[in-house]
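Asks: To start, I am sharing the structure in question, which I have written as structure tokens.
The values are calculated or read from the model by the stated rules, or taken from the named source; none is laboratory data. As the structure is a computational prediction, the values presented were derived from the model and not from experiment. In this analysis, Cβ positions are derived from the backbone assuming ideal geometry, glycine residues included, and neighbour counts consider all displayed protein chains. Side chains included, ligands, DNA and RNA excluded: accessible areas come from the protein's heavy atoms. Shrake-Rupley method; radii C 1.70, N 1.55, O 1.52, S 1.80 Å.
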Amino acid sequence: MNITPAHLDALQALGYTKAEARFLYLVATHSGYFTARQFLSFTGAHWGKRTTTFWSKLQSRGHARTECFPKGGVVHHLLSRRLYRQIEKEHLRNRREHEFDFIQRRIAMLDFVLLNQGYQYLETEAEKFQYFCETLSIGKQFLPANLYLSRKTPVPAVRYFVDKFPMYLTPSSPVVTFTYIHEGAPGFTDFIRHLNRYLPLFRQLREFRLVYASRTDLHYPKATEIFHSFVKIPLESDITEDLLRYFRVRKAWEEKRYREVSEGDLIFRNQVRSWFSGDRFEGLYRRWKNGHISDSAIRHEIGTNDRKHKVSFDTFVLQSIGVAHGDSAVPA
């Protein structure tokens with residue numbers, strides 16, 4: 001974990017212990033919100049004078065406030081501009097108020113960081129921008145970006161990596177690891193949208209890893225299928241011609257035009273069938289077979305791969321810090 005000692009000293013100067021300062025730094029940087037169980041687990045404390053003193057310091061100094069949600073429990077929001085200024089993160093939007101769904105995901109993101117403290121995180125938008133654009137010499141047009149209009153200026157503001165999902169490097173490797181935190185309602189629409197937003201950047205990286213974190217492993221098979229069909233298969237091979245050949249062989253076989261199918265075609269079909277088993281490729285096949293999409297349109301949609309990529313995908317059980325697996329992310 002790359003925490004500058006000066007930042008911890010600055011937080012301790014506000015009256016916090018070293019353990020409290022370290023915890024507050026992680027909250028401010030990665031979430032803005034935290035629960036009591038996360039503080040207790042991180043510091044090894046128990047309910048008593050130590051925790052009461054910590055809550056009192058936060059509230060008396062105006063550094064945090066407590067929010068209670070029906071069926072959602074108690075959440076603490078770190079919102080003091082002065083506190084964020086002490087760690088040179090005054091402009092982080094973590095200080096602002098948000099809806100419960102947003103808060104719930106931020107709590108999950110903090111759980112992920114607390115469970116994985118041995119990495120070098122790219123903590124802020126500026127650090128991520130510098131890493132990709134300056135260290136790796138990738139054009140900013142490939143970064144996931146949002147435009148924001150302001151009443152103060154007619155020029156839209158461009159912000160990058162607004163999802164704020166944890167992103168890190170391991171000490172032994174320069175390969176960046178992206179994360180996606182699945183928290184809240186079931187479904188994969190948001191995950192697919194997220195992958196599409198990051199695809200331009202993924203295409204510029206020769207090697208990267210994505211970790212899909214969720215409270216339950218029930219999501220993992222579908223998430224793996226989606227990632228493979230949208231990212232891993234297209235980037236690791238020049239799949240367009242393989243896909244079209246597979247379509248042709250499959251159609252000929254289904255239409256019982258066996259003389260048009262060679263032994264090599266059958267071997268090829270059996271080898272690549274698992275590559276193209278996802279919903280995306282099934283949809284493309286049906287459209288192509290029925291004449292609703294041409295070969296050239298498929299080439300345009302899938303794209304061509306002019307470089308070799310090494311893409312890794314992993315899953316992570318996002319267990320709530322300080323409670324048994326399966327308990328609420330925001331306990332009462």
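Asks: Which lysines, if any, have their Cα less than 18 Å from the Cα of Lys251, not counting same-chain residues under 8 positions apart?
Replies: Result set, ordered by chain and number: Lys289.
Asks: Which loop-located GluC sites (Glu not before Pro) does the stretch 68-167 contain, where loop means any DSSP state but H, G, I, E or B and the Cβ has at most 14 other Cβ atoms within 10 Å?
Replies: Answer in residue order: Glu88, Glu90, Glu97, Glu99.
Asks: Only sites in a loop by DSSP and with at most 11 other Cβ atoms within 10 Å count here; which trypsin sites (Lys or Arg not before Pro) in the stretch 61-127 make the cut?
Replies: Values: sites: Arg61, Arg65, Lys71, Arg81, Arg82, Arg85, Lys89, Arg93, Arg95, Arg96, Arg105, Arg106; in loops: Arg61, Lys71, Lys89, Arg96.
The qualifying sites are Lys71, Arg96.
Asks: For the stretch 24-39, just list the computed ³J(HN,Hα) in residue order, Karplus coefficients 6.51, -1.76 and 1.60, θ = phi - 60°, integers in Hz, with x standing in for Gly and Pro.
Replies: 5, 4, 5, 5, 4, 6, 10, 8, x, 10, 7, 10, 4, 4, 5, 5
Asks: Give, rounded to the nearest 20 debye, the magnitude of the charge dipole that the chain has about its Cα centre when Lys and Arg contribute +1 at Cβ and Asp and Glu contribute -1 at Cβ. Walk me through the intermediate numbers first.
Replies: On the way: 49 positive and 35 negative charges, 143 e Å.
Taking the Cα centre of the chain as origin, the dipole is about 680 debye.
Asks: If I model a spin label at Cys133 and Arg286 as a point 7 Å from the Cα along the Cα→Cβ vector, what separation in nanometres do I get?
Replies: 4.3 nm
Asks: I'd like the orientation of helix 100-115 relative to the chain: the angle between its Cα long axis and the longest Cα principal axis, in ° from 0 to 90, rounded to 10.
Replies: 90 degrees
Asks: Treating only the Cβ atoms of Lys and Arg (+1) and Asp and Glu (-1) as charged, compute the dipole magnitude of the stretch 35-144 about its Cα centre; round to the nearest 20 debye. Intermediate results must be reported in sequence, preceding the final value.
Replies: Numbers: 18 positive and 11 negative charges, 113 e Å.
For the stretch 35-144, the charge dipole is close to 540 debye.
Asks: Considering only protein heavy atoms, what is the solvent-accessible area of Thr315 at a probe of 1.4 Å, reported in Å² to the nearest 10?
Replies: Its accessible surface works out to 60 Å², give or take rounding.
Asks: Also, I was wondering about something else. Can you give the angle from 0 to 90° between the axis of helix 263-272 and the longest principal axis of the chain, with both taken from C-alpha atoms, to the nearest 10?
Replies: Roughly 10 degrees, rounded to the nearest 10.
Asks: Treating the beta-carbon of each Lys and Arg as +1 and of each Asp and Glu as -1, no other charges, what is the dipole magnitude of the stretch 168-234 about its Cα centre, to the nearest 20 debye?
Replies: 200 debye
Asks: Using each residue's phi in the stretch 81-95, evaluate 6.51 cos²θ - 1.76 cosθ + 1.60 at θ = phi - 60° and report the 3J(HN,Hα) Karplus result to the nearest Hz, with x for Gly and Pro.
Replies: After applying 6.51 cos²θ - 1.76 cosθ + 1.60, I find 4, 4, 5, 5, 5, 4, 10, 6, 10, 4, 9, 5, 7, 4, 6 Hz.
Asks: So what J values fall out for the stretch 11-21 if you push phi through Karplus, 6.51 cos²θ - 1.76 cosθ + 1.60 with θ = phi - 60°, rounded to Hz, Gly and Pro as x?
Replies: 6, 5, 5, 7, x, 9, 6, 4, 5, 5, 5
Asks: What angle do you read, to the nearest 10 degrees and between 0 and 90, between the alpha-carbon axis of helix 279-289 and the longest principal axis of the chain?
Replies: Around 30 degrees separate the two axes.
Asks: Now for a different question. Using DSSP to call loops (not H, G, I, E or B), can you name the trypsin sites (Lys or Arg not before Pro) in the stretch 211-271 whose Cβ has at most 16 other Cβ atoms within 10 angstrom?
Replies: For trypsin sites (Lys or Arg not before Pro) across the stretch 211-271 that sit outside H, G, I, E and B with at most 16 neighbouring Cβ atoms in 10 Å, the list reads Lys256, Arg257.
Asks: Next question. With the radius of gyration and the Kirkwood radius both derived from the Cα set of the chain, what is their ratio Rg to Rh? If you can, show how the numbers build up before the last one.
Replies: Working: Rg = 23.9 Å, Rh = 22.6 Å.
Ratio of gyration radius to Kirkwood radius for the chain: 1.06.
Asks: Find, to one decimal place in angstroms, the Kirkwood hydrodynamic radius of the stretch 84-172, where the mean of 1/r is taken over every pair of different Cα atoms and then inverted.
Replies: Computed over the stretch 84-172, the radius equals 15.1 Å.
Asks: In nm, what is the difference between 0.36 nm times the number of residues separating His300 and His91 and their Cα-Cα distance?
Replies: So the chain would gain 71.2 nm between His300 and His91.
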